[in-house]
1. For LEU133, what charge total do you get from the other residues with a beta carbon under 13 Å from its beta carbon, if Lys and Arg give +1 and Asp and Glu give -1?
2. In whole Å and largest first, what semi-axes does the C-alpha gyration tensor of the stretch 1-160 yield when each eigenvalue is scaled by 5 and square-rooted?
3. Which residue fluctuates the most in the chain, going by a Gaussian network model with Cα springs under 10 Å, if the choices are SER247, SER50, SER67?
4. For the stretch 137-207, what is the largest minus smallest coordinate of the Cα atoms on each principal axis, given in angstrom and ordered from greatest to least?
5. Quick check: with the 1.4 Å probe, what order do VAL206, VAL99 take by accessible area, largest first?
6. In debye to the nearest 20, how big a dipole does the stretch 137-223 give about its Cα centre with +1 on each Lys and Arg Cβ and -1 on each Asp and Glu Cβ?
7. Provide the packing ranking of 139-146, 192-199, i.e. peptides ordered by the mean count of other C-beta atoms within 10 Å per residue, highest first.
8. Compute the signed sum of charges (Lys and Arg +1, Asp and Glu -1) over the other residues within less than 13 Å, Cβ to Cβ, of VAL112.
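The values are calculated or read from the model by the stated rules, or taken from the named source; none is laboratory data. Predicted, not measured: the structure shown is a model, and the values here were computed from it. Every residue, glycine among them, receives a Cβ derived from its backbone with ideal geometry; neighbour counts consider all protein chains shown. Quick note on the areas: whole protein, heavy atoms, side chains included, nothing else; ligands and nucleic acids left out. Shrake-Rupley method; radii C 1.70, N 1.55, O 1.52, S 1.80 Å.
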Amino acid sequence: MIKRPIFPFTALVGQEEMKLALILNVIDPGIGGVLIRGEKGTGKSTVVRSLADILPEIEVVEGCPFSCDPEDLQGLCPHCRERLEQEGQLPRTRRKVRVVELPLSATEDRLVGSLDLEAALTRGERKFEPGLLAAAHRGFLYVDEVNLLPDHLVDTLLDVAAMGVNFVEREGVSFAHAARFVLVGTMNPEEGDLRPQLLDRFGLCVTVEGLKDPRARVLIMERWEEFTRDPERFTERFRPETEALVSRIVAARERIPEVEIPEEMLYAIAKKAITLGVDGHRADLTMARTARAHAAFQGRTRVTEEDLRVAERLALPHRLRRQPFDELA
């Protein structure tokens, strides 16, 4: 299989808001993902694919196609539960968090996985071929042009995202496994809107446009030409910055349980949501998690006004009934 070289995340020019939204979701996957909206040719897909360059390692059960967490005994897949009962322990290994891409042309079986009905009905064996949701468990699921995703796949994503479990049933034969992932979507608003139910599932939203600074545009051209000419050498040139960012992300992930949000800031979040007429409570929870992740990323153990401003800027745009919200900040 030919492996496509990944443009280094730290070599990307500009688009700081988009990069920050992705980083915060790496620090706290519970934020709920990112929707990136913008005109074509603004680097949306490049940034998301570059995310794989800065993802930390996680511990998984060795050989498990569902990336089970050996510490989460309640969330083990049927194979790992059976293995644990037979052997008394689970072998462990470490690997990087994955970014799995969902093509618009994917079938439902490719997304959720498929059951071997013949083996089940004739031999009583429950054979399951894992799909993209299994590969994305504990990682990122990326959908380019997410607004063009077929409705039946959107319905499946909504169901799985709500339950955190992928349940597949065919002709009375069923299989279930944990499927918790960070959903990242990119779209060009000129090509159509996103269904409101799916739009609300994205924790954060950023809008990108082409850079207006000629020097930045020239730098983009120079770096892309250098990367195309020799990807390995170019990646090596940015390795120190990449390793520094990964270390900072790992430290933030470890720090985040210690980060406190003062009660007055929780009230500020609630009042902001009420003032803007935001439906439900998902926005409040997302803002709180985003503010905490940003504080951890900045090396703090207490949320500040700066963290709240960042959270509002990233978590509210796609949930507003009216625009803009900056005037009310």
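1. With Lys, Arg at +1 and Asp, Glu at -1, the net is -1.
2. Over the Cα atoms of the stretch 1-160, the semi-axes work out to 32, 21, 13 Å.
3. Of the options given, SER247 has the highest mean-square fluctuation.
4. On the principal axes, the stretch 137-207 reaches 43, 24, 17 Å in Cα extent.
5. Sorted descending by solvent-accessible area, the residues read VAL99, VAL206.
6. Using only the charged Cβ atoms, the result is roughly 500 debye.
7. Answer by packing, highest mean first, reads 139-146, 192-199.
8. Summing Lys and Arg as +1 and Asp and Glu as -1 gives -4.
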